[in-house]
Amino acid sequence: MLTHWREICNREMAMSKSHPEKQAKRERPVRPPRVAAPLLSYRPRDPKRYRPGIALVGCGGITKWHLTAYKNAGYNVVALCDVVQARAEKRRDEFYPEAFATDSFHDVLARDDVEVVDISTHPPVRPPLLEAALRAKKHVLSQKPFVVDLDTGQRLADLADEMGVRLAVNQNARWAPHFSYIREAVRAGLLGTIDAIHCDVHWDHSWVKGTVFESIRHLILYDFAIHWFDFVTTVMHGSSAHRVYASMARSATQTIAPPLLAQALVEYEATQATLIFDGYTRFDRLDRTLVVGNHGAIRSEGPTTEHQRVELATIDGIARPKLKGSWFPDGFHGTMAELLSAIVENREPSNSARNNLASLELCFAAVASAERGEPVKPGSVRRLPEDV
């Protein structure tokens with residue numbers, strides 16, 4: 001029997017040498033067919049004919065994207081507020097010249113024409129402002145990260161319910177076109193049961209040097225990675241993670257204080273998510289996302305979060321949707337559009353404060369894990385350390 005098998009192998013080798021084109025043809029993989037991309041609702045969706053008065057509280061650098069998105073969408077910003085009135089006036093003059101500019105938060109809440117308040121201050125000072133706005137019965141959009149204390153976040157979510165208003169969080173990456181399309185593909189069941197989520201981001205975050213962000217110890221795992229923890233939470237909608245294991249390190253050549261290298265592993269019952277952040281990549285920057293299920297897989301890849309190519313692979317073939325828009329400013333449009341739609345439809349916004357707490361649980365667990373050097377159960381860490 002062995003002799004016979006050797007004869008067959010020798011004959012096959014001889015045929016491949018005499019007919020190399022046949023051997024190459026046998027080894028060439030079959031290319032899946034190109035198919036039309038599914039039409040998924042990944043774009044921001046505005047409510048019809050509802051344009052309430054919006055007040056922006058806190059007029060720092062990021063708010064140019066808030067206001068760019070609101071201006072493009074035709075939203076009605078009637079007031080701008082900052083502790084430094086000149087900043088409020090600057091944003092007013094740039095985007096809404098007819099709006100009211102002030103340094104008094106009280107005056108903003110006293111205005112009858114303000115129905116929605118966008119609070120974009122830094123987390124430590126934000127909870128009292130959120131509470132005051134909710135008690136004034138204003139709908140509120142909070143900047144991310146929402147809170148540094150999960151119990152405070154829960155209390156604010158409960159207060160919004162008590163006051164009969166909506167409280168949402170500006171998790172703007174949810175409406176970045178590639179993240180949004182991937183999420184909607186998962187929700188449509190195109191991937192089946194999710195086995196794995198892998199995200200790796202390689203970019204240069206040293207732009208924060210000399211800003212208030214440089215003082216944030218966990219700049220990457222907390223302030224930046226919250227977008228990716230939130231993405232994992234939305235993909236795994238309704239599932240609870242068992243534990244998070246994370247680490248962080250300083251690049252040998254980085255020039256700012258916070259560690260710019262970080263990784264996290266999020267474990268679910270039958271799914272694993274890996275997140276890799278290389279925040280001091282000065283050459284060949286790259287951003288990739290891969291979600292794998294038992295019915296298909298979807299990937300997104302590009303040099304930045306703003307320029308992404310998405311590919312969906314299923315048993316039907318390969319689809320490459322041509323997505324419209326970009327994270328900045330469409331993500332900021334999406335968060336406010338979802339809040340306004342929820343107000344009109346009398347429902348909880350998908351980016352509600354209560355919903356966002358699950359993302360913060362992953363984030364807080366990752367920070368604690370990086371500090372302790374051991375896995376941490378999400379939800380067991382209720383508050384970030386003071387020097388986060």
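The values are calculated or read from the model by the stated rules, or taken from the named source; none is laboratory data. The structure presented is a predicted model; accordingly, all values stated were derived computationally and were not measured. Heads up, the Cβs are rebuilt from the backbone with ideal geometry, glycines too, and the neighbour counts pull from every protein chain shown.
Identify the residue in region 160-208 that is acidic (Asp, Glu) and not assigned by TED's automatic domain parsing to the domain that holds residue 255 and, among all such residues, is nearest to residue 224 (Cα to Cα).
Top of the filtered list is 161.
What residue, of 369, 350, 359, is among the polar types (S, T, N, Q), in a loop (DSSP other than H, G, I, E, B) and modelled with pLDDT of 95 or more?
350
When you go through 174, 126 one by one, which is the residue that is among the charged types (D, E, K, R) and within 18 Å of residue 341 (Cα to Cα)?
None of the others qualify; the one that does is 174.
Taking the residues in region 80-97 that are out of contact with any Ser or Thr (no Cβ under 7 Å at 6 or more places or on another chain) and either within 18 Å of residue 141 (Cα to Cα) or of a type in the set (A, V, I, L, M) (or both) as candidates, determine which candidate is surrounded by the most Cβ atoms within 10 Å (Cβ to Cβ).
Step by step, filter region 80-97, then rank; the result is 80.
Tally time: how many residues in region 273-312 are farther than 17 Å from residue 178 by Cα, free of Cβ contacts under 8 Å to residues at least 24 places away in the same chain and not aromatic (Phe, Trp, Tyr)?
0
Hey, among the residues in region 264-300 that are aromatic (Phe, Trp, Tyr) and surrounded by fewer than 19 Cβ atoms within 10 Å (Cβ to Cβ), which one's nearest to residue 208 (Cα to Cα)?
283
Kindly indicate which of 264, 257 is over 30 Å from residue 73 (Cα atoms), assigned to a loop (DSSP other than H, G, I, E, B), of a type in the set (A, V, I, L, M) and in contact with a Ser or Thr (Cβ under 9 Å, 6 or more places away or on another chain).
Residue meeting the stated conditions: 257.
I want to confirm something. Restricting to region 227-252 and keeping residues that are part of a loop (DSSP other than H, G, I, E, B) and without any contact (Cβ under 8 Å) to a residue 60 or more places away in the chain, which single residue is nearest to residue 193 (Cα to Cα)?
Of everything passing the filter in region 227-252, 236 is nearest to residue 193 (Cα to Cα).
Given the conditions (1) in contact (Cβ under 8 Å) with a residue 24 or more places away in the chain; (2) outside the structural domain of residue 263 (by TED's automatic domain parsing), report the number of the one that residue 380 does not fulfil.
(1)
From 275, 312, grab the single residue that is under 16 Å from the mean Cα position of the chain (by Cα), of a type outside the set (Asp, Glu) and assigned by TED's automatic domain parsing to the domain that holds residue 242.
Exactly one residue qualifies, and that residue is 275.
For region 132-226, list the strands (runs of 3 or more DSSP E) that sit wholly inside it and hold at least 2 residues that are surrounded by fewer than 22 Cβ atoms within 10 Å (Cβ to Cβ) and more than 14 Å from the chain's Cα centre (by Cα); which are they?
Here the list reads 194-202.
Residue by residue, here is whether (1) among the hydrophobic types (A, V, I, L, M, F, W, C); (2) out of contact with any His (no Cβ under 7 Å at 6 or more places or on another chain); (3) within 19 Å of residue 79 (Cα to Cα) holds:
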{"site": "101", "(1), (2), (3)": "yes, yes, yes"}
{"site": "104", "(1), (2), (3)": "no, yes, yes"}
{"site": "132", "(1), (2), (3)": "yes, yes, yes"}
{"site": "138", "(1), (2), (3)": "no, yes, yes"}
{"site": "147", "(1), (2), (3)": "yes, yes, no"}
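Quick one: in region 372-388, of everything that is among the basic types (Lys, Arg) and part of a loop (DSSP other than H, G, I, E, B), which residue is surrounded by the fewest Cβ atoms within 10 Å (Cβ to Cβ)?
382
Please work out if residue 31 is part of a loop (DSSP other than H, G, I, E, B), modelled with pLDDT under 90 and among the basic types (Lys, Arg).
yes
Can you tell me which residue among 45, 87, 111 is within 30 Å of residue 186 (Cβ to Cβ) and in contact (Cβ under 8 Å) with a residue 24 or more places away in the chain?
45 is the lone residue from the list that is within 30 Å of residue 186 (Cβ to Cβ) and in contact (Cβ under 8 Å) with a residue 24 or more places away in the chain.
All but one of (1) in contact with a Gly (Cβ under 9 Å, 6 or more places away or on another chain); (2) part of a helix (DSSP H, G or I) hold for residue 45; which doesn't?
The failed condition is (2).
How do the pairs read when you match residues in region 57-77 that are not assigned by TED's automatic domain parsing to the domain that holds residue 337 with residues anywhere that are in a helix (DSSP H, G or I) and of a type in the set (Ser, Thr, Tyr), using Cβ under 7 Å and keeping only pairs 6 or more apart or on different chains?
Short answer, once both residue conditions are applied: 77/70.
When you look at residue 239, is it surrounded by 17 or more Cβ atoms within 10 Å (Cβ to Cβ) and of a type in the set (Ser, Thr, Tyr), yes or no?
no
Inspect region 362-370 for any residue being out of contact with any Gly (no Cβ under 8 Å at 6 or more places or on another chain) and within 24 Å of residue 166 (Cα to Cα) and give the result as yes or no.
Yes: region 362-370 contains one or more residues that are out of contact with any Gly (no Cβ under 8 Å at 6 or more places or on another chain) and within 24 Å of residue 166 (Cα to Cα).
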